[in-house]
Each structure stands twice: as C-alpha cells, then as structure tokens.
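The values are calculated or read from the model by the stated rules, or taken from the named source; none is laboratory data. Since the structure is predicted, the reported quantities are computational estimates derived from the model, not experimental observations. Note: ideal-geometry Cβ built from the backbone for every residue, glycine included; neighbour counts use all protein chains shown. Calculation scope for accessible area: heavy atoms of the full protein, side chains included, ligands and nucleic acids excluded. Shrake-Rupley method; radii C 1.70, N 1.55, O 1.52, S 1.80 Å.
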Amino acid sequence: MLNFSKWPLLLLLSTEELATIQQVYVFGASANEAIYITNDNKVFVLGHNCSGCLGPGDGLNTIVPKQLRCLEGKKVVSLSYGSSQHILLATEDGKVFACGDNVFTQLRGGTPKCELSLALVTANILNMKVKEVACGSHHSMVLTEDGEVFAWGLNNRGQVGSHTVKFVPFPVKLGGTLRGETVIGITCGQSSSMALLDNGEIHGWGNNDNGQLGVGKNKKKVMLPCRLSALQESCIKQVVSGYGHSLAVTDKGLLYSWGANTFGQLGIGDKNNCFSPVQVMADEERFVEVAACNSTNTSAAETQSGHVYMWGQCRGQAVVTPRLTHFTNTDDVFACVASPPVMWRLMSVEHDDSLPVAEALKNEFDSPETADFKFIVEGKCIHVHKAVLKIRCVLLTVQMFSRCEHFRSMFRSPWVESHQEVIEISQFSYTIYHSFLQFLYTDTVDLPPEDAIGLLDLATSYCESRLKHLSQQIVKGGITIQNAFALFLSAKQFDAEDLEEFCFRFCIRHLTQVTQTPTFSQVDGNVLKGFIIRASYAGAFRY
C-alpha cells in the first residue's frame, strides 16, 4: 500500500479520499501539482496549476480536488509531465489528452498559448491507438500500439527527430533508423529523446551536450534517431531519462548509465560526464528496475532481492556512489530525497484486499465451517479450533490449569492425538465463556459492565491477568448510578476486592441517588445492614 504521507501535497486529501485512489502522479517544479484516478475511474486534480497544467479550465490553483469530467469513466494508462508545465496522458482506448504550456505547440498544435482545459490531441494521431506518452521540457512524444513513434514541439536540439531544428507544431511519425522497427518504450530528457525496441536495442536523438544519448563526444546534437551501438550486444529491458543523464538495465540484470554527472547521478564514484554507457555496481546482484525523471538529477535502482539504491542529487547533496537505502521501492527514493520530490512515473496503488491475520482469525471464531472442536455451555455450542486454543492457552499461566480440569486434561496429551471433540462447561454461563474464548481469538472483550463482572471471576479463576484487567476496565468505564450497587454486590460475590472498593466509593459519592434505585431497595436486609455500617465508617453520614 502506498504511503501518501511521503508526498506532502497528498496530505490535503482526507482519509476517505485517499482510500479511493488507484493511480496517482505528483509533479511540478515544486511537486505542487497532482493528478489522481479513483477506483471508479474518476480523475481529479489538485495543486498549483501552473500554466493550466492541471486542466480544469479555470487556470486557478486549488487545495480542493477538482474533477476532470472529460475523463470520467476512462482508464488512464500513461501520464507524463514536461518542465515547461505541460501534461500528456493516454487513456485505455488509445486517446491522447494534453493541457498546460503550449509556447512551442507541444500540446496539440494551433495557437501557441496555454491550454487551460484538458483537450483531445487529434492532429495526425486521431486514428492511432496510443499506449504511452512522454514529455521533454518543451516537446512531446507518443508511442502507438503498433510500435510507431510520433513527436512534436520544440526542436532546437533535434529532440523531435525530424531532421531539422525548427519547432514541429503537429505530431509527426519518426523514421530514420526507426523505420520498420517496433518500439516498445519511449522516454524523454529535458531536450533529448529515446526509444526502446522490441529486440532490446536503444535509439536516441536530440541534445547530446552532456552525453545523454551515449553516442560519443563528437555529436552535440542528433537530428534523427540513432542506434546506441555501445550497448548493441546487450538486450535492454528498461531505459529511463533524467534531466541530462540516462539509465538502462539489461535482461541479465546489468545496470548502465551515461550522460551528465554534475551531482554524481551516474553512480560511478565521481562527477565526470560520460559520453558512452558505463556499468554501475558491476559486483552487485541482478537489477530489475531503474528510475529517473527529467525534472531531477536523482537516480535509483532496485535489485532482484528488493534492495533499493539511490545516488545523484539527494536532499541537495551529491551522492556519487550508489547508497543502499531502507526504502522498499524506487518511488520512495523520489518522494524522500529528490529535488523536487515528484513521482518518476504514474503510480498504481495496490489496495490489499486480503485480511490481516488478526482480522482473519477474528472472523473464524465460532465458525462451524472451519472449527474442529466445540464447547457446550448451557446447552449451546461454541465452535473453536484446537490449534488456536493450544497456542493461546500455552501463553497463559500454569496456574490456570490447576483450577480447570478440562484444560488441564487437554494439555496433558497432544490434541492432535485426541479423539475428543466436545467438552461441556458448567462453571460459567454461556455469555461469559463465549466472551472468554472470543478473547483468545481477538485479545479484546465486548461485554456490558454487568456481565464483565462474571468474566472477571473467570479471569481470576484462570489467573489470566490481561483478561482480568480488561474486565475491570469495562466495569469501571461503564458504572452508572443505576447499576453501581449491582456491580458492587457482584464484585463482592466474586472476591474482586479492588473493583469492590471502586464500586463502593462510587456509591458513597452518589449515595442519595443510589439508594433510590430498584436494586438497592430489593437487597437482602443483612447485606443492606453491612453496606450501611461500612458507609458510616467511610463518613457517608457525617452531616
């Protein structure tokens, strides 16, 4: 289950709202924007709304979630943020929507101005089924179900891959070395782009000033998709882009990095840029995931055994060598140490439908379907499980069994070898014994004060101190003028001296009202005489 407290913006939501989230994405220059999708596929936005990147249409910031009704009922499958404050998202039916900054028509063409409302992207991809989107700072990319890539927007470094440096106002299909190939993944740096092919090869284009394409120093920008030949012998399973660096993991679990390294984000022990891929943590076990996003200089990776490492810009510090963390996933790295603390991907929240052990055990108490043993009390059955009672009762003190012949005989021989399936209980009422057995399953007691007195007697007989304490707390917490004298009498009957004194003191403090209750008027003469004498010694009749 996702710990939402790691993203401060999400704490604006109520517990009930958080419980409905199935997907969420926190983004923005200060991690002050969020989009989340609920279990019933409603899309809500929250936060700063810079340049209209939340898409509700009004251009206003909001600390109260606003629904994007144009997406109601549509399942979001991919979402990406560009640092120019623009958003792309793809829905399950293959449609692409965009909003936010549009200075270089990186949204859907047309007039280069902000789109305050989330709008459908139709130019050149209307009949395409898009499965993934990616945003650079001022350019956009989509990947279709057929493995084709379209790009548009700012192209000053060749990041659109159209063989020019002019901005591209509408989506164009990429050719060059991608022609005839099937792309299975796309990623964008600030002004660079990459595509992962189904054969495990990587192709990159755009800015290469810091080596983020991995194709050597002699190419500062690449106008068309170019094969990353240094990793051609490896089968890449995942590639991600940071602000100006790249990470990849192979099918053998090897980790590579290349590009800008000002904050140690390559994880190679220094701050020198690398224009070709270098292996990271060569002696470490298999890696299964790498993480980066184009708005940070932070890197993270997870191994097959679940170890999570971080490096790069972490809380403003340059960590040049991967450091093992206590985190359970790479998402936590970005939440806790990245600047800004954004999400590097659209996160799916796994709601655990399975019951905790304690809850499951509670539900099986007195269940004839699964029980293998039963007690008969006042002619009624209470169904239990031998193993549960044996485990729980072994924890009780030995004295318990010296007072209870039934439990003592049970524990003299292993239950697994015993053929006895029913035991009759006569010392206690059904209500009391049922509550005792339920306590063994749940560690809780739910009885009215009048019955809790009887449970206190059982707890005293079995020397079960926790049950005794819970019973006393119920009585003390539930005492009233109407039941005070009855509780006093019961405590006296069961030799519960501390509780008897508590109830007596309560009766003295409310003596006039207590003496007017039906219980007091019906009490035996000798008992009443004893109470009056005791009350007089306690100063009840001084005036």
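For region 1-152, with all protein chains in place and a probe radius of 1.4 Å, 50% of the accessible heavy-atom surface sits on carbon or sulfur. Highest-first packing order for the peptide set 471-483, 87-99 is 87-99, 471-483, based on the mean count of other beta carbon atoms within 10 Å. To the nearest 10, the accessible area of residue 229 is 80 Å² with a 1.4 Å probe. Which of rounded, prolate, oblate describes region 1-93, given a ≥ b ≥ c as roots of the alpha-carbon gyration tensor eigenvalues and a/c under 1.5 marking rounded, otherwise prolate only if a/b is larger than b/c? It is rounded, given that a/c, with a ≥ b ≥ c, falls under 1.5.
Order 494-502, 49-57, 448-456 from most to least packed using the mean count of other Cβ atoms within 10 Å. Walk me through the numbers before you get to the answer.
Working: 494-502: 16.4, 49-57: 23.2, 448-456: 21.3.
Order by mean packing, descending: 49-57, 448-456, 494-502.
The H on the amide N of residue 314, modeled in the peptide plane, is under 5 Å from the matching H of 319, each at least 5 residues off or on a different chain. A cut-off under 13 angstrom between Cβ atoms defines the neighbours of residue 295, and their net charge, with Lys, Arg +1 and Asp, Glu -1, is 0. In this structure, the residue pairs whose Cα-Cα separation is over 21 Å, taken from 390/476; 95/166; 131/252; 362/390, are 390/476; 95/166; 131/252. FRET efficiency for the residue 443 to residue 14 pair, using the beta carbon distance and R₀ = 35 Å, is estimated at 0.70.
The helix-based estimate of mean residue ellipticity at 222 nm for the chain, built from -39,500 (n - 2.57) per DSSP H run of four or more residues and divided by its residue count, is -6500 deg cm²/dmol to the nearest 500.
Note on residue 6 and residue 466: the model spin-label points, each 7 Å out from Cα along the C-beta direction, lie 3.2 nm apart. With contacts taken as Cα pairs under 8 Å and at least 6 residues apart, region 29-133 reaches a relative contact order of 24 percent. Applying 1/(1 + (r/R0)^6) with R0 = 25 Å to the Cβ-Cβ distance of residue 426 and residue 476 gives a FRET efficiency near 0.25. With R₀ set to 35 Å, the beta-carbon distance separating residue 165 from residue 145 gives a calculated FRET efficiency near 0.70. Anisotropy class assigned to region 40-170 is oblate, per the alpha carbon gyration tensor with a/c at or over the 1.5 cut-off and a/b no larger than b/c.
The accessible-area ordering, largest first, of the residues 113, 374 stands as 113, 374, per a 1.4 angstrom probe. Each of 452, 439, 521 was scored by the projection of its Cα onto the charge dipole of region 413-523, and the greatest displacement toward the positive side belongs to 521; charges sit on the C-beta of Lys, Arg, Asp and Glu. Each label point was placed 7 Å from the Cα along the Cα-to-Cβ direction; for residue 307 and residue 326 their separation is 1.8 nm.
List residues of region 155-191, by number, whose backbone nitrogen lies under 18 Å from a label position 7 Å along Cα→C-beta of residue 126. Once the point is set 7 Å along Cα→Cβ of residue 126, 169-173 turn out to lie under 18 Å by backbone N, inside region 155-191.
Note on residue 58 and residue 220: the model spin-label points, each 7 Å out from Cα along the C-beta direction, lie 4.8 nm apart. The largest accessible area among 326, 48 belongs to the first residue in 326, 48, and the rest follow in falling order (1.4 Å probe, all chains).
Straight-line cross-link partners of residue 374 among the aspartates and glutamates, defined as a Cα under 20 Å from its Cα and at least 8 positions apart when in the same chain: 364, 366, 405, 417, 421, 424, 443.
Between rounded, prolate and oblate, where does region 159-246 land on the alpha carbon gyration tensor, with a ≥ b ≥ c its root eigenvalues, rounded for a/c under 1.5, else prolate if a/b exceeds b/c? Judged from the Cα gyration tensor, region 159-246 comes out oblate (a/c at least 1.5, b/c at or above a/b).
Going from most exposed to least, what order do 33, 16, 233 have by accessible area with a 1.4 Å probe?
Values: 33 5, 16 130, 233 175 Å².
Result of the area sort, largest leading: 233, 16, 33.
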